Amino acid sequence: MRIISDLHIHSRFSRSCSKDLTLPNIAKACEKKGIDFITTADALHPGWRNEIGEQLEERDGAYYLKDGSSKTAFCLGTEVSCIYKRGGKARRLHHILLFPDLKTLDKVISQLEQSGYNLKSDGRPIMGLDSELLLKMILDIDERNLLIPAHAWTPWFAIFGSKSGFDSIEECFGDYTKYIYAIETGLSSDPPMNWRLKELDDIFLVSNSDAHSCENLGREANVFEMDAPSYSELRRILVEHDNEKFIKTIEFFPEEGKYHVDGHADCGFYCEPEKTKKLGGRCPKCGKLLTVGVLSRIEELSNREMNPSKPERAVPFEYIIPLKELISEYLGKGKKSKAVCMMYDEMIKHASEFKILLDLNAIKLEKIMPKVLVDGILDMRSGKVVVTPGYDGVFGKISVKGIGQSRSKQENLF
């Protein structure tokens, strides 16, 4: 059975996140998207932990709403922010933590509180805790716990980040490197970019949304083969590197990520690594240092050429553009506009968003949407897109030729 999973999101208890991120709303949004298995997020936060206990119950290795209102399965997890000094340098890294059950989660919460960390201030707690010591701590509590470095390449808060990260997994985790079974590629990189590092050949590349709203759930995701959603099976697949059961990842076009290339947002300037070198790393408009993006950082650490062959144990991947973005381009209206939302809701009465974007053939698509959008989805699947890259915190833009040009000839949907 195909299980689509998103292992990194947030709740309404995280800063700058939608207040609509409640467990029932997340579950409902997952059904629209086609997500089967999702993290609870923010599981260390006392308020959210209470809601998890009140609203979810464990069944067969996953958690479900007690009222039975959704088939969406949850696993227990959170993102944490570790800020500390190592090797004379300030390190700022984000990690995904996943837990097998509530009893184990509560032991981790107790240990962190006893160590003096404030878990109430934010759904994604900030801790002055070395990453290696964090991993040791959660494994000492229960070897079934997992740590996955989050959005591994983003400049400011990532294991390979240009501003405060490390140059290798081993440099970060030392003797505990062997317990890192996966890293999250993040929105600004894709598998081929990560394939340029040989050290990543033996661990999985996972993709998650890091969603701060229900709208963005599943903008990246993972596809597993499981009998049913299960934390123990998820962990087994990652630990044993079972690439027969890890079917593929669903990817943002990395150029749309907000740290893909180098740039300076205040001046509206961006460039690729070669030009950054020629400029001495400085903005040609104001002279300030450019924010070095993911592409440059991968170039710096890589030990393979551009466009490497797929490593033997790597999993396949597919790119998507979220359905509302395609509809927005077609209608010439904002993603949150009433017209876009109405068209989206009508389409997903027929199939989930992932089925529409990835699975339905042209004949089936034409029954639920205009021909121009069908052609756009087919072009998206084959990578025929127009790209404006993201940089220095500014999201890029990915569009499909022909969709926006068709507005004067829009067809009746129904």
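Summary table below
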item	result
DSSP beta bridges in the range 22-138 [antiparallel fraction, %, rounded to 5]	75
Count of Lys pairs (Cα-Cα under 26 Å; at least 8 positions apart or interchain) in the range 167-287	15
Förster radius 60 Å - calculated FRET efficiency between residue 364 and residue 90, Cβ distance, rounded to 0.05	0.70
Three principal axis lengths of the range 323-409 [C-alpha, angstrom, descending]	39, 30, 26
For the range 1-120, diffusion coefficient by Stokes-Einstein and Kirkwood Rh (Cα), 20 °C, 1.002 mPa s, µm²/s	141
Debye intensity ratio in log₁₀ form over the Cα atoms of the chain, taken at each q of 0.12 Å⁻¹	-1.00
Mean Cβ count within 10 Å, highest first, over the residues of peptides 87-93, 296-302, 366-372	296-302, 366-372, 87-93
Long pairs among 33/120; 288/335; 120/336; 32/397; 355/397; 66/367, criterion Cα-Cα beyond 27 Å	33/120; 288/335; 120/336; 66/367
Relative contact order (%) - criterion: Cα under 8 Å, at least six apart; region: the range 261-414	25
Length released on extending from residue 199 to residue 111, taking residue separation times 0.36 nm less the Cα-Cα span	28.5 nm
Ranked 40, 185, 104, 78, criterion: other C-beta atoms within 10 Å, fewest first	104, 40, 185, 78
Lys, Arg +1 and Asp, Glu -1 on Cβ, resulting dipole of the chain about Cα centre, debye, nearest 20	1520
FRET efficiency estimate (nearest 0.05) - Cβ-Cβ, residue 265 to residue 101, R0 41 angstrom	0.45
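Rule-based calculations on the coordinates, nothing more; no lab input. Note that the coordinates shown come from a computational prediction; the quantities given were computed from them, not determined experimentally. Virtual Cβ from ideal backbone geometry, glycine too; neighbours counted across all protein chains shown.
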